[in-house]
1. Can we say K187 is modelled with pLDDT of 95 or more, surrounded by fewer than 15 Cβ atoms within 10 Å (Cβ to Cβ) and farther than 20 Å from F109 by Cβ?
2. Out of curiosity, is Y204 modelled with pLDDT of 95 or more, within 13 Å of V125 (Cβ to Cβ) and touching a Pro at 6+ places or on another chain (Cβ under 8 Å)?
3. When you scan region 27-40, do you find a residue that is closer than 14 Å to W244 by Cβ, surrounded by 12 or more Cβ atoms within 10 Å (Cβ to Cβ), touching an Asp or Glu at 6+ places or on another chain (Cβ under 9 Å) and without any contact (Cβ under 8 Å) to a residue 60 or more places away in the chain, even just one?
4. From the list G86, G35, pick out the single residue that is at positive phi and touching a helix residue (DSSP H, G or I) at 6+ places or on another chain (Cβ under 7 Å).
5. Of everything in region 105-130 that's modelled with pLDDT of 95 or more, closer than 22 Å to G12 by Cβ and not small (G, A, S), which residue is surrounded by the fewest Cβ atoms within 10 Å (Cβ to Cβ)?
6. Search region 225-241 for residues being of a type in the set (S, T, Y) and surrounded by fewer than 19 Cβ atoms within 10 Å (Cβ to Cβ), and hand back the single one that is farthest from L124 (Cα to Cα).
7. Filter region 113-132 down to the residues that are under 12 Å from the mean Cα position of the chain (by Cα) and in a helix (DSSP H, G or I), then identify the one that is farthest from P66 (Cα to Cα).
8. Those residues that are hydroxyl-bearing (S, T, Y), farther than 30 Å from L180 by Cβ and in contact with a strand residue (DSSP E or B) (Cβ under 6 Å, 6 or more places away or on another chain), I need them from region 45-86; list them, please.
Amino acid sequence: MLGKKIKYGLIGKNIDYSFSKNFFNEKFIKENIRGCTYENYDLSSMKELNSIIKDDSIKGFNVTIPYKKEIINFLHEIDPIAKKIGAINTLKISDKKKIKGYNTDYLGFISSIKDLISNHSKALVLGTGGASKAIIYGLNSMGIESTIVSRKKTKGLITYEDLSEEIIKLNTIIINCTPLGTFPKIKECPKIPYEFITMNHLCYDLIYNPLKTKFLKESEKKGATIINGKKMLESQANESWKIWNS
């Protein structure tokens, strides 16, 4: 392995803000992992992936918005749990350039919330993207019933307009899986009736920049327990590292 450069990276769109690059490059320094680099790959189209993986030194990627579902069409193989979830956030590239997709988001989510859920049984999941799919899988695996909230009226989902006092009080976990509130648009937040949130609620935002979004601030005002996405991201990143080195 001596002298051989190994590259990892993040695939997404408009990802200058991302946590992953700094996390991994700091990890390489702290843990004295030599010969490895981690870069952002800001793609305007997933088709650009084909030319990127021609680089023999690339061994793995993380995947973020908006490609967690679209990337499935570019895989040679998919992990069974990732297939159930229907979204990918980790890619492993073989020496023969075969791409296998995994999902470590659900593991990161479970790790970050498992110690806080003892008094909760129902959750609202805000958003329908790739991230929400992993969250729903994680909730189900912990025995928590989830209801998805969407901007559009779709079978099996409810809309933001449907959110009544009864629904908010019944679902004591509320998870923001939308990008609303991400830096620099920090004044944005999901349009839910915050007046019905109580100290019995656990409000979770997958966003980590800023560390306290408007969604979390409004929930905290009502006495809710709040948690951001930093711990989840760190945990899922370490799970990705295990996959790349397995």
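1. So K187 fits the description; yes.
2. Taking the combined requirement at face value, the residue does not satisfy it.
3. no
4. On the way: G35 fails: touching a helix residue (DSSP H, G or I) at 6+ places or on another chain (Cβ under 7 Å).
The conditions single out G86.
5. Among them, the one singled out is L107.
6. S235
7. S132
8. S57
The values are calculated or read from the model by the stated rules, or taken from the named source; none is laboratory data. Quick caveat, the model's predicted, so the values are computed rather than measured. No Cβ is skipped: glycine too gets one built from the backbone with ideal geometry, and neighbour counts run over all protein chains shown.
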